[in-house]
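Written below as structure tokens is the structure these notes are about.
The values are calculated or read from the model by the stated rules, or taken from the named source; none is laboratory data. These numbers were taken from a predicted model, which means no experiment stands behind them. We place every Cβ from the backbone using ideal geometry, glycine too, and count neighbours over all the protein chains shown.
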Ligand SMILES: Nc1ncnc2c1ncn2[C@@H]1O[C@H](COP(=O)(O)OP(=O)(O)OP(=O)(O)O)[C@@H](O)[C@H]1O
Ligand SMILES: [Mg+2]
């Protein structure tokens, strides 16, 4: 299974591609929308707004022309008692307004207005005023009737032709505004269609990238889980091997060397009895016997340290009662041991694991924390056994990059116990290892580590012991 891992491509190029496609789509679409909005604004400014302003001026011109028409009708009305020149002032007022309107109209005239149309309007207006000037000049003299004829024939016709031309321009403006509205509608339709396309494409890119990512994630997690399981299995095998090796060596030391030294001791004692009292040989034999006894004690305590037989014999509680003072003596730190709750039996492999965790934690206190004091708290809770090993030393922060196997083994053992281990920092600083083992795991006897040591061995005593 693990062999294939090395050949797996990294998902990064695929994800990168997805990201680039999505970003490119967003950038391209933003450019497209900007262009469309710009086009819309141009259309609005150049066509629609201009058209409306132009139409306003055209209406103003139309109005002026109507005023002129009405004035001419009054001038031709024979009932009127005034001379024709009486209208000169009104004509002048209209002329000023008309000139202003025409000037403004020229500025806002639609861009597509033909040169012919522009020139026609301007020259027609100029001709009209020429004719009007001539008519008023005529009217100033005695030729009132001739002037009236001029108005009837020439001026009115020119005014009407102008009015028609302006009306035509108004109609043209209306038409081009309608066209513009249609164009704007088309742009909106197009943009809307593109929005759907863009959304579909972008969502597809996002979806594909996400699916790819999810698939890879699942694969990575599966690989991680497999590797983690393998690592855990390996660690547990190492732990089991370590335990059985230690147990084997401990038993060999205790049984084999114990037996031999016991036998040597017994023989020495017997030999000593045969030597006469007071002889130097007897004193020497006694000395050798004492050395043998010391060696035996050392072998036994080494055997105990490697694997305390009393773990299987009397359980965890009494093993710790024996072990903690030993640590105080050997490591030179002060251990405050606190027990609370209603004790229950912890034995078998559970006791071995808990004992090893305490042992490793205290080793770490001695080796890394710099503290000279440590607290071991054992709490028998209704549902669990809780053990804390605390020091107020330097804590984990100051640890170097180098990592040992101790903490890993603590975690693995906690897992074997179906318990939980936490590494905390007490308020006073330092380190607190808190192990919590469910009561059923602590009490049952899972045969993870085979028990091989004969019970009788722990009781073994040298015959010379009581000497
Ligand atoms: N009580 C503690 N106080 C301060 N630092 C600690 C303590 N316990 C562990 N550490 C830090 O955590 C590191 C890892 O601990 P771990 O027990 O895993 O390895 P180790 O003790 O260095 O080696 P090993 O236990 O394998 O012999 C240590 O090197 C040390 O820096
Ligand atoms: Mg360690």
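Some notes on this structure:
- Matching option when the condition is more than 13 Å from ligand 1 (Cβ to nearest atom) and buried (at least 20 other Cβ atoms within 10 Å of the Cβ), among 309, 376, 365: 309
- Here residue 434 meets the list (1) at pLDDT 95 or above; (2) assigned to a helix (DSSP H, G or I); (3) farther than 25 Å from residue 329 by Cβ almost entirely, failing just condition (2).
- Here residue 329 clears all of (1) in contact (Cβ under 8 Å) with a residue 12 or more places away in the chain; (2) more than 47 Å from the chain's Cα centre (by Cα); (3) surrounded by fewer than 20 Cβ atoms within 10 Å (Cβ to Cβ); (4) more than 16 Å from ligand 2 (Cβ to nearest atom) except the condition numbered (1).
- Looking only at the range 336-354, residues that are under 24 Å from residue 393 (Cβ atoms), in contact with a helix residue (DSSP H, G or I) (Cβ under 9 Å, 6 or more places away or on another chain) and surrounded by fewer than 20 Cβ atoms within 10 Å (Cβ to Cβ) come to 2 in all.
- Inter-residue pairs, beta-carbon under 9 Å, first more than 14 Å from residue 354 (Cα to Cα) and in the range 401-429, second away from ligand 2 (no atom under 16 Å from the Cβ) and part of a loop (DSSP other than H, G, I, E, B), 6+ apart: 426/392; 428/392; 429/392
- Output for the range 391-411, where each listed residue is near ligand 1 (Cβ under 9 Å from one of its atoms), surrounded by 14 or more Cβ atoms within 10 Å (Cβ to Cβ) and outside any helix (DSSP H, G or I): 391, 393, 394, 395
- The lone exception for residue 370 - which of (1) buried (at least 20 other Cβ atoms within 10 Å of the Cβ); (2) away from ligand 2 (no atom under 13 Å from the Cβ); (3) without any contact (Cβ under 8 Å) to a residue 40 or more places away in the chain it fails: (1)
- Meets criteria (within 21 Å of residue 334 (Cα to Cα), modelled with pLDDT under 95, near ligand 1 (Cβ under 9 Å from one of its atoms) and part of a loop (DSSP other than H, G, I, E, B)) for residue 429: no
- For the range 379-400, the set of residues classified as under 16 Å from residue 423 (Cα atoms) and either more than 16 Å from ligand 2 (Cβ to nearest atom) or touching a strand residue (DSSP E or B) at 6+ places or on another chain (Cβ under 8 Å) (or both) consists of 386, 387, 388, 389, 390, 391, 392, 393, 395, 396, 397, listed by residue number.
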